[in-house]
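Before any comments, here is the structure.
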Amino acid sequence: MIIDTHAHYDADGFDTDREELLASMYEGGIEKIVNVCAAIDELEDTVKLVEKYPFIYGAVGVHPDDADKMTQETLDEIRRISHMDKMVAIGEIGLDYYWHKEEAEHQIQQKMFRAQMDIAREEKLPFMIHSREAAEDTLNIVREYMQGGMYGGIIHCFSYSKEIAVEYLKMGLYLGIGGVVTFKNARKLKEVVEYAPLSQLVLETDSPYLAPEPNRGKRNSSLNLPYVARAIADLKGITVEEVIDVTKQNAEKLLGI
């Protein structure tokens, strides 16, 4: 049975069949799912899913795209929700410079990234980090925090080089691997997966985004994770069963589920 460590079942893309789809998960080999909050207005949506479905856990945080909308009240709400049952991480948080090019925007993102890392440390929860075109700044902030008092974390949808992966692995962090590893042009990620210890990988989908081959371009769901496990197994020359078993143990250990 597989654990999906990163999905967004509160997204609009599931509005037409969310209940039916989630009801099919166990039969499809999916044991547990972590629904990860992103936007400020989705905080309560994650709470509702966690409360409704016994196999869904939650991560609470605000994506860097919403950093400029965050206030002290937002941070207080994240802290409040983090105390709830089945909330297992602070995320997804981090930096995204792809759409945000101005230095002033980068400063705001960094401020709110740090503020949420403070919550993770104070509440003794692992973190889930989003980083896009912000490799150096993300690594520097994570390295700064990992010098003391943190409780581990996942670099979600890892997309950087092997050299950067090495730095995160040395800190004892986990790399989140999803559908991109199945893409023919994902050379850098395949190299990272070949190199990284299986004991530091977790499976994720980022549903409804980033569906793997052969469903690339379609709506993603946790039911596609066997394709990801197969791709990892092929790269490492091991069985799919070993990939599923070890990544499940990794998720359970880090997230306490």
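Could you please find all residues in the stretch 38-62 being closer than 25 Å to S24 by Cβ and among the hydrophobic types (A, V, I, L, M, F, W, C)?
Correct list: A38, V47, L49, V50, F55, I56, A59.
Going through the stretch 200-214 one residue at a time, which ones are farther than 15 Å from A251 by Cα and either in contact (Cβ under 8 Å) with a residue 60 or more places away in the chain or of a type in the set (S, T, Y) (or both)?
Once the filter is applied, which keeps residues that are farther than 15 Å from A251 by Cα and either in contact (Cβ under 8 Å) with a residue 60 or more places away in the chain or of a type in the set (S, T, Y) (or both), the stretch 200-214 yields D206, S207, P208, Y209.
Could you say which residue among R79, R121, R114, R143 is closer than 18 Å to L175 by Cβ, surrounded by fewer than 24 Cβ atoms within 10 Å (Cβ to Cβ) and touching a helix residue (DSSP H, G or I) at 6+ places or on another chain (Cβ under 9 Å)?
R143
Provide a single number: the residues in the stretch 213-238 that are part of a loop (DSSP other than H, G, I, E, B) and either surrounded by 22 or more Cβ atoms within 10 Å (Cβ to Cβ) or of a type in the set (F, W, Y) (or both).
2
Taking the stretch 178-234 as the search range and keeping residues that are in contact with an Asp or Glu (Cβ under 6 Å, 6 or more places away or on another chain) and among the small types (G, A, S), which one is farthest from Y168 (Cα to Cα)?
The residue in question is S222.
Coordinate-derived values only; no laboratory data. Note that this is a predicted model, so its numbers are computed, not measured. Neighbour counts run over all protein chains shown; Cβ positions are idealised from the backbone, glycine included.
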